[in-house]
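A.B. asks: Before I ask anything, let me first share the structure, which is written out below as structure tokens.
The values are calculated or read from the model by the stated rules, or taken from the named source; none is laboratory data. Predicted, not measured: the structure shown is a model, and the values here were computed from it. Cβ sites come from the backbone with ideal geometry, for glycine too, and all protein chains shown count toward neighbours.
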Amino acid sequence: MASKTSKKNTTHAALLMAMTLSLSGAANAAAPQQLYNKTITITWGESGTYKRISDGMNTNPVGQFQATVYVSSAGRPFLRVTNTSGRYGGKREAGPETSSGGIQFNGNTLTMVRENIGIARRLLTTFDGSFASCSTTVTIGKINAQATMKGFDGAEYHIISMQPGAASCSIREGNALAN
């Protein structure tokens, strides 16, 4: 019989493998033309329990995330991800050269996989038939039982548990990243 830790490691490894495989089939798919010159905004929350490595203190932060994807008139994705938790926050931007590896279109779905040291996030956005509305689900997984991550405050943390919160998305004309 497998130990509880072994089962958790297998579960986390299987989740990460599923996330990675879900992108491999769509790796060369172009953005649907209905999304050209449009901005997709995805928001979600996350909570969890983390142990700061430097002093062993447990924390339970709640983070808010927003991924903004602009699909150019040439079908190229541009990405901005912002995050906040209390007084901490951050922003990352990527053009098509670097963002396309994490942004994949396949029919009426957009899949993004993000990694932060010891965790992986999968955002799966599904568009309606007219590409006028969308819905998003977020999946989070630890890469292994001893997974660590860099916190909003810059410190390293051991991840005890993580849960995604509610997710939403919207679509609008134009380039919201131009501002």
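A.B. asks: Please state which of the following conditions R80 fails to meet, knowing it meets all the rest: (1) out of contact with any Asp or Glu (no Cβ under 6 Å at 6 or more places or on another chain); (2) buried (at least 17 other Cβ atoms within 10 Å of the Cβ); (3) modelled with pLDDT of 90 or more.
C.D. replies: That leaves (1) as the condition not met.
A.B. asks: When A74 is evaluated against the numbered criteria (1) modelled with pLDDT of 90 or more; (2) within 26 Å of K142 (Cβ to Cβ), which criterion, by number, is the only one it fails?
C.D. replies: (2)
A.B. asks: Counting only residues that are among the polar types (S, T, N, Q) and more than 13 Å from A30 (Cβ to Cβ), which one in segment 89-107 is modelled with the highest pLDDT? If you could, list the steps in order and put the result at the bottom.
C.D. replies: As a first pass, look at segment 89-107 and keep what is among the polar types (S, T, N, Q): 98-100, 104, 106.
This time we only want the ones that are more than 13 Å from A30 (Cβ to Cβ), so: 98-99.
Values: T98: 63, S99: 53.
That would be T98.
A.B. asks: Is at least one residue of segment 114-123 within 16 Å of L35 (Cα to Cα) and either among the small types (G, A, S) or modelled with pLDDT under 90 (or both)?
C.D. replies: Taking segment 114-123 and keeping what is within 16 Å of L35 (Cα to Cα), we get none.
No, segment 114-123 contains no residue that is within 16 Å of L35 (Cα to Cα) and either among the small types (G, A, S) or modelled with pLDDT under 90 (or both).
A.B. asks: Something else: Scan segment 24-40 and give yes if some residue there is in contact with a Cys (Cβ under 9 Å, 6 or more places away or on another chain) and either over 30 Å from G129 (Cα atoms) or at pLDDT 90 or above (or both), otherwise no. Working first, answer last.
C.D. replies: The initial filter retains those residues of segment 24-40 that are in contact with a Cys (Cβ under 9 Å, 6 or more places away or on another chain), namely 40.
Now drop any that are not either over 30 Å from G129 (Cα atoms) or at pLDDT 90 or above (or both), which leaves 40.
Within segment 24-40, one or more residues are in contact with a Cys (Cβ under 9 Å, 6 or more places away or on another chain) and either over 30 Å from G129 (Cα atoms) or at pLDDT 90 or above (or both).
A.B. asks: For residues that are within 20 Å of Q163 (Cα to Cα), surrounded by 14 or more Cβ atoms within 10 Å (Cβ to Cβ) and polar (S, T, N, Q), tally how many sit in segment 37-65.
C.D. replies: The number of residues fulfilling the criteria is 5.
A.B. asks: Is it true that some residue in segment 152-161 is at negative phi, hydroxyl-bearing (S, T, Y) and in contact with a Lys or Arg (Cβ under 7 Å, 6 or more places away or on another chain)?
C.D. replies: yes
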